[in-house]
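First comes the structure, then the notes that go with it.
Read-outs throughout are calculated quantities, based only on the coordinates presented, and are distinct from any laboratory measurement. Quick caveat: nothing in here was measured; it's all calculated off a predicted structure. Every residue, glycine as well, gets a Cβ built from its backbone with ideal geometry; the counts of neighbours run over all protein chains shown.
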Amino acid sequence: MADPNLADPNMAGPMMTGAIAVNLLWCVPGDVGGSEEYLVRQLLGLAGLADSRFAPTLYVLDGFSQAHPDLATAFPSRVAPFSGASRLRRIAGETTWLRSQTAKAALTHHGGGTAPVRARRPYLLTVHDLQYRTYPQYFSGSKRRYLDAVLPRSVRDAAVVAVPSEYVRGTVIQAFDIPSEQVMVVPHGIEPTLLHDITPDDELRRKYGLGDGPIVVYPAVTHPHKNHRFLLQLMAEHWRDPDLRLVLIGGAGAAESDVATCRDPRVMRLGRVSGADRNGLLAMALAMVFPSRYEGFGAPLIEAMTLGAPVVCSDATCIPGVVGGAGLVLPLQVDAWADALDQVQAQHDRMVADGRVRAQCFTARISGQALAAAYATALEQR
């Protein structure tokens, strides 16, 4: 383990020669959703490996270590001397404070999808997805202009681009016309502790007034591409069991009004819930439904399969490749989903068993091994 004094946020001076630096300054704890979970999980997987060459120093905002104590214990960190409240201040901090602090690093890993101006090479860049190119209407004009200006340069200059799925790998290669060997898949990884933190179903039914009937769960922020409206239409037109509950968990996004105006009492909008409650809801669900139009990976798919929830999902983007043959993959047509819950009930035990097997392809250890391989490849370019 590296010198524990490196965790001192007041420590000055650059890191030692040969080390790996991980830029997490883009990560405001609790504000960036799946990309935060993705990087944290792969780094935890990296921490579980015996290879001490890949024990990075993390560059974080104040509050990150408190939000992720396991990661703070695994690796030394340095806390930036500026707040995460201003995006412009964070970007400026990457080009000044971070650049100075990592002057002697053998490799820097920029985890937020873009690299700073004048980024030191070699660096590894994580690109989570290219949704802004597929659905530009879901992004502000300023965000699109920023990505159009910064992302091509960031990708072109990277020693390695790490992506979460083969789908994203293909889109990055095509969009930026870069060599295929420059882009490596580092999949999401699920920690084994997921199964140790589950609220019992009887407690959840009492707490949230779910009744005694079956529930289906959709864990997703109400962003437009998550397609909550599709499920509301299914409830109105096909899933008419009076005892059925559609449980929607996750934060409020730009399409929150689609859910807020729903008057069906069987639709339960719980918002953000604790990790234990989320796990318990998935473990007790008849199915986890996932009608998303776009995903770079779709971590809830693996979480659900790990917890024993059959998956009913769309056939969009990376989703079929992640689920494999372990779930019910359907086109985004309401009629095609009409009897999906009947199919799940008829195949329940098989779907649960297949899902748990499939989830073993996406452990935190496997994710950490893939990240280590990407680091090794990037370091070869020094």
Average Cα contact separation per residue, the chain, under 8 Å, 6 or more apart, as relative contact order %
18 percent
Once you place label points 7 Å from the Cα toward the Cβ at residue 82 and residue 252, how far apart are they in nm?
3.0 nm
Dipole size in debye (nearest 20) for the chain around its Cα centre, Lys and Arg Cβ +1, Asp and Glu Cβ -1?
1400 debye
Per-residue Cβ neighbour rank within 10 angstrom, fewest leading, 258, 70, 177
177, 70, 258
Averaging sequence separations of C-alpha pairs under 8 Å and six or more residues apart, then dividing by the length of the range 235-312, give the relative contact order as a whole percent.
27 percent
Could you pull out every one of the lysines with an alpha carbon less than 23 Å from that of residue 226, ignoring same-chain neighbours closer than 8 positions?
143
Helix-only CD estimate at 222 nm, as mean residue ellipticity for the chain, using -39500 (n - 2.57) per DSSP H run (n ≥ 4)
-10500 deg cm²/dmol
Work out how much length residue 240 to residue 339 would gain on full extension: take 0.36 nm times their residue separation and subtract the Cα-Cα distance, in nm to one decimal.
34.5 nm
Fully extended contour minus Cα-Cα distance, from residue 203 to residue 67, at 0.36 nm per residue:
46.4 nm
Under the 7 Å Cα-to-Cβ spin-label approximation, residue 153 and residue 350 lie apart by a distance in nanometres of 5.5 nm
Phi to ³J(HN,Hα) by Karplus 6.51 cos²θ - 1.76 cosθ + 1.60 over the range 324-340, Hz, x for Gly, Pro:
x, x, 8, x, 9, 9, 10, x, 7, 10, 4, 4, 5, 9, 4, 9, 4
Suppose every K and R has +1 on its Cβ and every D and E has -1 on its Cβ; what is the size of the dipole of the range 192-361 about the Cα centre, in Debye to the nearest 20?
360 debye
Within the range 107-140, name every residue whose backbone N is under 19 Å away from a label modeled 7 Å from Cα of residue 177 along the Cβ vector.
133
For a quick check of your reading of the filter: which trypsin sites (Lys or Arg not before Pro) in the range 68-131 sit in a DSSP loop and have no more than 10 other Cβ atoms within 10 Å?
118
With at most 16 neighbouring Cβ atoms within 10 Å, loop chymotrypsin sites (Phe, Trp or Tyr not before Pro) (DSSP) excluded, longest segment of the chain:
140-382
Express in whole angstrom the spacing between the alpha-carbon centres of the range 233-300 and the range 61-99.
33 Å
Calculate the dipole size of the range 100-182 relative to its Cα centre from +1 charges on Lys and Arg beta carbons and -1 charges on Asp and Glu beta carbons; express the result in debye to the nearest 20.
400 debye
If you line up the long axis of helix 275-284 against the longest principal axis of the chain, both from Cα atoms, how many degrees apart are they, to the nearest 10?
40 degrees
